[in-house]
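The values are calculated or read from the model by the stated rules, or taken from the named source; none is laboratory data. Keep in mind that what you see is a predicted model, and the values were worked out from it rather than measured. Positions of Cβ are generated from backbone atoms using ideal geometry, with glycine treated the same way; all protein chains shown enter the neighbour counts. Surface accessibility is based on the protein's heavy atoms, side chains included, excluding ligands, DNA and RNA. Shrake-Rupley method; radii C 1.70, N 1.55, O 1.52, S 1.80 Å.
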Amino acid sequence: MSINSAPVQRGPGRPRDEVRRARILDTAADLAAQDPRLVTMERIASQAHVSRTTLYKWWTAAHELLIDALQERTHWSLDHAEGSAIERLTAQLEDLVRIMTDPSTEGALRAVASGAATDPEIRRRFHEHWLAPRREVAAQIIAAGIATGELRSDLDVEAAIDAVFSPVYERAFYTGAPLDDRFVRSVMRIVAPGLVATP
């Protein structure tokens, strides 16, 4: 190329750092799907073909990286704007079961939750970035149901959220009992009568 040639113009596309970050998140989630014990900063860097310096530019520890990977793969699960309050809570519960049974997300969620059981910092971040946003969506759904008269006005919102979603975590992390749509229907048949307003 002569010295007078115009510089090559890059075509549209994702910025290099964004592409690299997405590859790192995918690598972390894929490693967690194989075996949560594989998820270390060293192994992620090696598998994603980046330096550890690059990882530490964005994250201070593997659990932070895994939480971001989870958020990247499950952002769709926070959108529940259609239907009655019971229908929306049911859809949210179905999505949680889907996340907990999908190999691409289950391993990462299990790894972070396991770390949260023993490490206060992981527990804080797990609550702040995973549990709290989902509880907030459920609280908004319940508040809307109360406002329309569909749900009881005297509901303890936090207890109602626990009643709907805790059974999924119980089965996923402790009992190992099946998680499927049949289970979701069973939970809602039990819980919904306690939520709806008396005609």
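Quick notes on this structure:
- Scanning region 27-48 for residues that are in contact (Cβ under 8 Å) with a residue 12 or more places away in the chain, open to solvent by 30 Å² or more (accessible area, probe 1.4 Å) and either farther than 20 Å from THR105 by Cβ or aliphatic (A, V, I, L, M) (or both) gives a single hit, ALA33.
- Hey, THR198 within 21 Å of GLU87 (Cα to Cα) and either within 15 Å of the chain's Cα centre (by Cα) or without any contact (Cβ under 8 Å) to a residue 60 or more places away in the chain (or both) or not: yes
- Scope region 94-147; condition among the small types (Gly, Ala, Ser) and not in a helix (DSSP H, G or I); matching residues: ALA117
- The one condition from (1) open to solvent by 30 Å² or more (accessible area, probe 1.4 Å); (2) touching a Lys or Arg at 6+ places or on another chain (Cβ under 9 Å); (3) modelled with pLDDT of 95 or more that GLN92 does not meet is (1).
- ARG37 vs. criteria modelled with pLDDT under 90 and assigned to a helix (DSSP H, G or I): yes
Table: residues versus (1) at pLDDT below 95; (2) closer than 18 Å to ASP35 by Cα.
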{"position": "TRP58", "(1), (2)": "yes, no"}
{"position": "ARG88", "(1), (2)": "no, no"}
{"position": "GLU106", "(1), (2)": "yes, yes"}
{"position": "ARG110", "(1), (2)": "yes, yes"}
{"position": "ASP119", "(1), (2)": "yes, no"}
{"position": "HIS129", "(1), (2)": "yes, no"}
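- Within region 130-148, the set of residues being small (Gly, Ala, Ser) and touching a strand residue (DSSP E or B) at 6+ places or on another chain (Cβ under 8 Å) comprises GLY145 only.
- Tabulated pairs, region 126-152, first over 20 Å from PRO193 (Cα atoms) and touching a residue at least 24 places away in the same chain (Cβ under 8 Å), second in a helix (DSSP H, G or I) and small (Gly, Ala, Ser), C-beta under 6 angstrom, 6+ apart or interchain: PHE126/ALA116
Here is a yes/no grid of residues against (1) more than 23 Å from LEU70 (Cα to Cα); (2) in contact with a Leu (Cβ under 9 Å, 6 or more places away or on another chain):
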site	(1), (2)
GLN92	no, yes
PRO120	no, no
PHE126	no, no
PRO133	no, yes
ALA147	yes, no
VAL157	yes, no
SER166	no, no
VAL184	no, yes
VAL191	yes, yes
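- One residue from PRO178, PRO103 being open to solvent by 80 Å² or more (accessible area, probe 1.4 Å) and either under 15 Å from the mean Cα position of the chain (by Cα) or of a type in the set (D, E, K, R) (or both): PRO103
- Subset tally (residues that are within 28 Å of PRO103 (Cα to Cα) and not in a loop (DSSP other than H, G, I, E, B)) for region 148-188: 23
- The condition of being outside any loop (DSSP other than H, G, I, E, B) and either open to solvent by 40 Å² or more (accessible area, probe 1.4 Å) or without any contact (Cβ under 8 Å) to a residue 40 or more places away in the chain (or both) holds for only one of GLU82, GLU72, GLU64, that being GLU72.
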